[in-house]
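Asks: Just passing along the structure, written as structure tokens.
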Amino acid sequence: KMRRMRGRLVRGLVLWTLLMLVVAVLMVVQAVVSLYGAQQECFFNYPSVPCPSGNDPALVRLTFAFFGVPLVWLVGIGLAVLGRALSRRRSARPR
């Protein structure tokens, strides 16, 4: 029974990691494409189209993909490990 629970936890953590990786890659690709398009638009129509600045939403998404998604991943891993430890502790307690 313990082995099955451990296998399920590992599968869940691997799926969580893959999900976060896919989310980060999709966010990065979308943000880079958006910034590239805005830069091209700025280059070809300069006076009428503003260039992307430091507070561009695509830059915010890019920053979140590099720093926020790993933080969310780490919190998820921590909660899974904590939940497993608490469930083991609860099941080990005599009734």
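Asks: HN-Hα J couplings of region 34-40 from phi, Karplus 6.51/-1.76/1.60, θ = phi - 60°, integer Hz, Gly and Pro as x?
Replies: These are the phi-based 3J(HN,Hα) values: 5, 5, 5, x, 5, 5, 5 Hz.
Asks: How large is the accessible surface per residue of the chain, computed with a 1.4 Å probe and reported in Å² as a whole number?
Replies: 80 Å²
Asks: If each residue of separation counts as 0.36 nm, what is the full-extension length gain between residue 30 and residue 80 once their alpha-carbon separation is subtracted?
Replies: 15.1 nm
Asks: Which one, 54, 78, 68, has the greatest fluctuation when you compute a Gaussian network model over the chain with C-alpha springs under 10 angstrom?
Replies: In this elastic network of the chain, the residue with the biggest mean-square fluctuation among 54, 78, 68 is 54.
Asks: On C-alpha positions alone, give me the angle between the axis of helix 69-92 and the longest principal axis of the chain, in degrees, nearest 10.
Replies: Roughly 10 degrees between the two axes.
Asks: In the set [x] 1.01; [y] 1.30; [z] 0.97, which value of Rg/Rh (Cα atoms, Kirkwood Rh) was calculated from the structure you see?
Replies: Computed from the coordinates, Rg/Rh (Cα atoms, Kirkwood Rh) corresponds to [y].
Asks: On the protein heavy atoms, probe 1.4 angstrom, tell me the percent of accessible surface of region 1-88 carried by carbon and sulfur.
Replies: Roughly 74 percent, rounded to a whole number.
The values are calculated or read from the model by the stated rules, or taken from the named source; none is laboratory data. Computed from a predicted structure; not experimentally measured. Side chains are part of the model used for accessible areas, which takes the heavy atoms of the whole protein and leaves out ligands, DNA and RNA. Shrake-Rupley method; radii C 1.70, N 1.55, O 1.52, S 1.80 Å.
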